[in-house]
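What follows is a short report on a single structure.
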Amino acid sequence: MSRTMERVAALGWRPIASPMLRVRAAGRATSTAPAQAVLATSGQALDYLPPDLDRRSPFYAVGDATATRARAAGFAAVDSAAGDATDLAALVAGRCVPADGPLLLLSGAGQGEELADALRGRGFRVRRRVVYAARAVSHLSVTAHRMLRHDRVDAVLLFSSATAVAFGRVAGTMGTGVRAVCISARTASVLRPEDWADVLVAARPDTDAVLDALGTPKRT
């Protein structure tokens, strides 16, 4: 059971796993040129670090969970922005100087462009390195499908807009009557409100806030 599922269970819920994205490495690992700092908007990138990446470089992330994973991966100087890519850009701009060299942005396929553009607009050179790709799955887990079909699901936790889109494709109208608990307004924006009993948005884009929005089961 994942740490998130353990925390959901501790609140009194019965968690059901149904990953919506299948993540894989994006191409073959190649050498990495030095950079003044390493950036990542998702903890997924830490599973696919270039083998020669200098862990002594400062590491900047979105969210404490990704920062914790970065420390576990061997980075000593780690800091995180509490919000989204816009907040990360502001954090990096406050800690780094364009003249000190390029920034290395580790991202998934189709991700990171907004952050890279924001930093380039501040005068930084950004080398975006796509280290992983996520592909939507074609079906729910057997347990999730069965529980949704029999109206035995109270809420679905959605941790990215890609996950939300994938869920909509494979679940169809089975989510009707279920609450969606979204990590951000961007994630909520891809949902059709009429397909849900309610759409809740976490106060901050992190797991703690998602679980706060979920709350505890109503006792009957």
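The values are calculated or read from the model by the stated rules, or taken from the named source; none is laboratory data. From a predicted model like this one, the values you see are computed outputs, not experimental measurements. Note: ideal-geometry Cβ built from the backbone for every residue, glycine included; neighbour counts use all protein chains shown. These area figures cover heavy atoms from the full protein model, side chains too; ligands, DNA and RNA do not enter into them. Shrake-Rupley method; radii C 1.70, N 1.55, O 1.52, S 1.80 Å.
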When restricted to 26, 37, the only residue at pLDDT 90 or above, open to solvent by less than 40 Å² (accessible area, probe 1.4 Å) and under 20 Å from residue 128 (Cβ atoms) is 37
For strands (runs of 3 or more DSSP E) lying entirely in region 140-220, having 2 or more residues that are open to solvent by less than 40 Å² (accessible area, probe 1.4 Å) picks out 155-158, 179-182
Q) Is one or more of the residues making up region 90-103 under 17 Å from the mean Cα position of the chain (by Cα) and farther than 17 Å from residue 209 by Cβ? A) no
Of the residues in region 40-96, those that are open to solvent by 70 Å² or more (accessible area, probe 1.4 Å), of a type in the set (A, V, I, L, M, F, W, C) and part of a loop (DSSP other than H, G, I, E, B) come to 76, 82
Taking first residues from region 160-174 that are among the aromatic types (Phe, Trp, Tyr) and second residues anywhere that are buried (at least 19 other Cβ atoms within 10 Å of the Cβ), the pairs with Cβ under 7 Å that are 6 or more apart or on different chains are 167/20; 167/156; 167/158
Filtering region 127-147 down to residues that are without any contact (Cβ under 8 Å) to a residue 60 or more places away in the chain and within 30 Å of residue 39 (Cβ to Cβ) yields 128
